[in-house]
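The values are calculated or read from the model by the stated rules, or taken from the named source; none is laboratory data. Predicted model, so just to flag it, every value in this text is computed and none were measured. Cβ atoms come from the backbone with ideal geometry, glycine included; neighbour counts cover every protein chain shown.
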Amino acid sequence: MPVSDEILAKEYSLVMERAYAFEPIDGDLTKWRGVVPAITSQGEIFIEVMIVLPSDFPSSPPVVKVISPITHPNLTEDKILEMRMLARWRSSYHLFQVIVEMIRLFSKVPASSVDEKPRRIDPQTHLNPIKAQEEQLALILEQKKRTLAEIKEKRLSELSGRALQQEKKIHLDDEILGVENELFAIEQQFEDYEIPSHEFAKKYFSLKKRLYLLETRT
């Protein structure tokens with residue numbers, strides 16, 4: 001069974017708002033292509049990456065494949081990128097978090113060339129996808145502004161019960177996503193030894209409690 005349009009639309013919106021230099025391949029929201037910076041002994045380069053969402057996403061993690069000719073400790077022979085978050089995947093994770101974690105990985109663990117220097121990708125050549133994302137984001141923001149204006153206008157004439165419930169659900173979904181993102185961030189920090197265990201435990205259980213209370217309202 002293919003990924004539902006509702007899930008794909010949400011992932012698309014999140015990538016446009018929270019990640020950069022990635023776009024669907026030929027309009028297919030289950031296949032993405034983009035560039036990420038990576039450190040090497042010769043300096044920073046940009047590498048091309050493809051991400052494929054499985055049919056049972058988000059139950060199963062995406063598959064990340066590196067297109068550029070590089071070697072890296074986290075790359076398999078088939079150029080599949082292995083990451084801790086993919087190995088410990090949770091259905092609450094999102095595509096934009098995969099992109100963020102990938103950038104984080106390549107900024108910490110150096111890549112190296114295969115036979116020749118990896119092809120350096122001029123970021124200028126990728127401005128079109130980025131500009132397209134910026135335009136899409138501008139459209140999304142404009143749409144949200146219109147929606148907010150409509151909501152305010154409806155409030156003046158007394159919102160119907162159904163419209164009010166819909167507005168509350170949107171705000172609740174945003175709150176849940178924010179808490180999930182905070183949980184994801186502190187888990188990565190703890191696993192990278194960036195915060196002590198007592199601090200992690202305190203923040204983790206506080207966020208889990210907050211998430212539980214939010215989910216009981218859905």
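Assorted remarks:
- Selection within the stretch 200-218 - surrounded by 10 or more Cβ atoms within 10 Å (Cβ to Cβ), free of Cβ contacts under 8 Å to residues at least 24 places away in the same chain and more than 24 Å from the chain's Cα centre (by Cα): A201, K202, L213
- The lone criterion from (1) without any contact (Cβ under 8 Å) to a residue 60 or more places away in the chain; (2) outside any loop (DSSP other than H, G, I, E, B); (3) over 18 Å from the mean Cα position of the chain (by Cα) left unmet by I51 is number (3).
- Where V36 falls short, out of the listed (1) part of a loop (DSSP other than H, G, I, E, B); (2) in contact with a helix residue (DSSP H, G or I) (Cβ under 6 Å, 6 or more places away or on another chain): (1)
- F96 being under 25 Å from D174 (Cα atoms), in a loop (DSSP other than H, G, I, E, B) and modelled with pLDDT of 90 or more: no
- Any hit, the stretch 13-23, residues being in contact with a strand residue (DSSP E or B) (Cβ under 7 Å, 6 or more places away or on another chain), free of Cβ contacts under 8 Å to residues at least 60 places away in the same chain and assigned by TED's automatic domain parsing to the domain that holds F96: no
- Scope the stretch 57-72; condition farther than 25 Å from L8 by Cβ and either modelled with pLDDT of 95 or more or surrounded by 16 or more Cβ atoms within 10 Å (Cβ to Cβ) (or both); matching residues: S68, I70, H72
- Just one of the numbered conditions (1) in contact with a Gly (Cβ under 7 Å, 6 or more places away or on another chain); (2) under 21 Å from D192 (Cα atoms) is not true of F22: (2).
- Residue ID - surrounded by the most Cβ atoms within 10 Å (Cβ to Cβ), chosen from residues in the stretch 172-199 that are among the aliphatic types (A, V, I, L, M) and either closer than 15 Å to H94 by Cα or under 17 Å from the mean Cα position of the chain (by Cα) (or both): V179
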